[in-house]
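So the structure is just underneath, and the comments pick up after that.
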Amino acid sequence: MTGQTFDPSHFRNALGSFATGVTIVTTVGLEGEDVGMTANSFNSVSLDPPMILWSVGKNAMSRPAFAAAEHFAVHILATQQKALSDRFAKRGTDKFAGLTVERGPGNVPLLKDCAARFKCRTAYRYEGGDHDIIVGEVIEFDHLDAAPLVFHSGKYSALAPHRAADEAESAAFSRSFLGFLLPRVQYALFEPIKKAMQQRAIGLDEYFALSALAAKDLSMLEIAELGRFYDRSFTPAEALKLKNRGLVEPAEGDGAAMRMQLTANGHALMLELLSIGKDAEETLLERIEPTEVQALKSLLHRLVKDTPSVA
Ligand SMILES: Cc1cc2nc3c(=O)[nH]c(=O)nc-3n(C[C@H](O)[C@H](O)[C@H](O)COP(=O)(O)O)c2cc1C
């Protein structure tokens with residue numbers, strides 16, 4: 001038979017994307033010895049009559065036993081039976097050493113604690129390239145309510161119900177979403193400042209306006225616009241409060257366009273609050289290497305640079 005030439009490892013990888021359970025197929029050998037091998041080529045074939053199939057590699061040492069066997073048993077492994085799967089996937093070893101087995105039709109060895117066991121009579125054998133396809137008629141079966149061992153992309157795995165997988169994904173996202181991480185950092189930085197503000201009867205919106213004015217003189221409109229990025233609102237009422245407390249004063253203009261500046265008292269208060277903020281930052285960043293702190297700040301600056309800003 002002429003076949004298409006594939007890169008065998010690519011072909012194997014593509015096949016591996018089909019997730020399967022894992023089975024151990026057992027029988028009795030030509031000299032009465034117990035024979036078994038790990039196989040994931042198992043599949044159901046027919047309900048009536050009840051039939052299953054699997055395929056054995058032509059190079060497998062167990063092949064002659066299965067080629068002659070009248071009976072065999074397929075064991076579907078439970079999730080905790082990975083070690084058993086590994087044991088039966090090793091050629092040339094006594095795979096049954098130390099195992100207690102039961103016996104099925106034709107004296108076939110039966111392994112314990114499997115998710116399901118199908119005791120079969122060999123019905124057909126077909127040539128299948130480098131494998132023999134063996135079809136068995138199921139004579140008896142038993143079934144435990146156990147989670148199956150899974151094989152996918154050359155690795156063992158375990159089942160996760162779809163909803164749980166979605167939930168795990170969304171939980172992982174919530175844990176790593178910057179939108180949740182940054183407010184946690186913000187909380188740690190602002191808690192000490194908030195306490196100091198409470199003692200001085202300064203609200204968050206007022207604090208925000210004072211911080212903005214500590215950087216440069218701004219109009220009411222500019223402060224209100226900046227506030228959008230920090231979820232703060234700044235109204236003429238707050239401006240008046242700050243003015244009455246002697247913390248800000250008009251610099252030039254009037255109405256919404258009036259530019260405001262910090263008074264000497266305003267500057268002194270901001271210096272106090274800034275030093276509390278600096279201490280909070282130092283405490284928070286203590287556990288991080290200075291180079292990492294630098295990298296963190298420079299990355300955040302880059303991100304902030306690309307966000308919308310006040311014209
Ligand atoms: C998860 C898994 C699935 C396997 N499926 C098959 C299979 O379906 N058919 C097969 O011939 N070998 C399969 N193998 C490989 C055999 O288990 C392995 O070649 C074993 O050494 C054969 O034993 P033997 O040579 O002593 O007969 C599988 C191995 C693993 C780990």
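The values are calculated or read from the model by the stated rules, or taken from the named source; none is laboratory data. Remember, it's a predicted structure, so these values are computed and weren't measured experimentally. When we count neighbours, we look across all protein chains shown, and the Cβ atoms used for this are built from the backbone with ideal geometry, even at glycine. Only protein heavy atoms, including side chains, enter the accessible area calculation; ligands, DNA and RNA are left aside. Shrake-Rupley method; radii C 1.70, N 1.55, O 1.52, S 1.80 Å.
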| said: For the stretch 171-305, what does the accessible surface come to per residue with a 1.4 Å probe? Please give it in Å². | reply: 67 Å²
| note | Nearest-0.05 FRET efficiency for A123 and T100 at R0 = 35 Å, using Cβ-Cβ distance, is 0.75
| Contour excess over end-to-end distance, with Cα ends at N13 and F180 and 0.36 nm allotted per residue | 56.3 nm
| request: Might you tell me the accessible area per residue for the stretch 8-159, computed with a 1.4 Å probe and given in Å²? | output: 56 Å²
| said: For K194, give me every one of the lysines with a C-alpha distance below 28 angstrom, ignoring sequence neighbours fewer than eight places off in its own chain. | reply: K216, K241, K243, K278, K297, K305
| How far is helix 162-176 tilted, in degrees, relative to the longest principal axis of the Cα atoms in the chain, given as a value from 0 to 90 rounded to the nearest 10? | 30 degrees
| said: Need the full-extension length gain, K82 to T307, defined as separation in residues times 0.36 nm minus the C-alpha distance. One decimal, nm. | reply: 75.9 nm
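Using only the C-alpha atoms of the chain, find the volume of their convex hull and express it per residue in Å³. Numbers along the way, then the final one.
Numbers: hull volume 82.4 nm³, N = 311.
Cα convex hull per residue, to the nearest whole number: 265 Å³.
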| query | In what sequence, highest mean first, do 102-109, 286-293 appear when ranked by Cβ atoms within 10 angstrom? | reply | 102-109, 286-293
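Counting only protein heavy atoms and using a 1.4 Å probe, what share of the accessible area of the chain belongs to carbon plus sulfur, as a whole percent?
For the chain, the apolar C and S fraction of the accessible surface comes to 56 percent.
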| note | Kirkwood Rh over alpha-carbon pairs of the stretch 171-305 plugged into Stokes-Einstein at 20 °C, 1.002 mPa s gives a D in µm²/s of 130 µm²/s
| field | Modelled FRET efficiency - R0 51 Å, E282 with S44, Cβ distances, 0.05 increments | value | 0.20
| remark: Rounded to the nearest 0.05, FRET efficiency between A171 and T291 (Cβ-Cβ, R0 30 Å) equals 0.45
| said: Could you give me D for the stretch 8-159, from Stokes-Einstein at 25 °C and 0.890 mPa s, where the hydrodynamic radius is the Kirkwood radius over C-alpha pairs? Units µm² s⁻¹, please. | reply: 158 µm²/s
| field | Distance (nanometres) between label positions extended 7 Å along Cα→Cβ at H143 and N59 | value | 3.7 nm
| query | 222 nm [θ] for the chain, helices only, -39500 (n - 2.57) per DSSP H run of 4+, per residue, to 500? | reply | -13000 deg cm²/dmol
| said: Multiplying the sequence separation of L204 and M258 by 0.36 nm and subtracting their Cα-Cα distance, what value in nm do you get? | reply: 17.3 nm
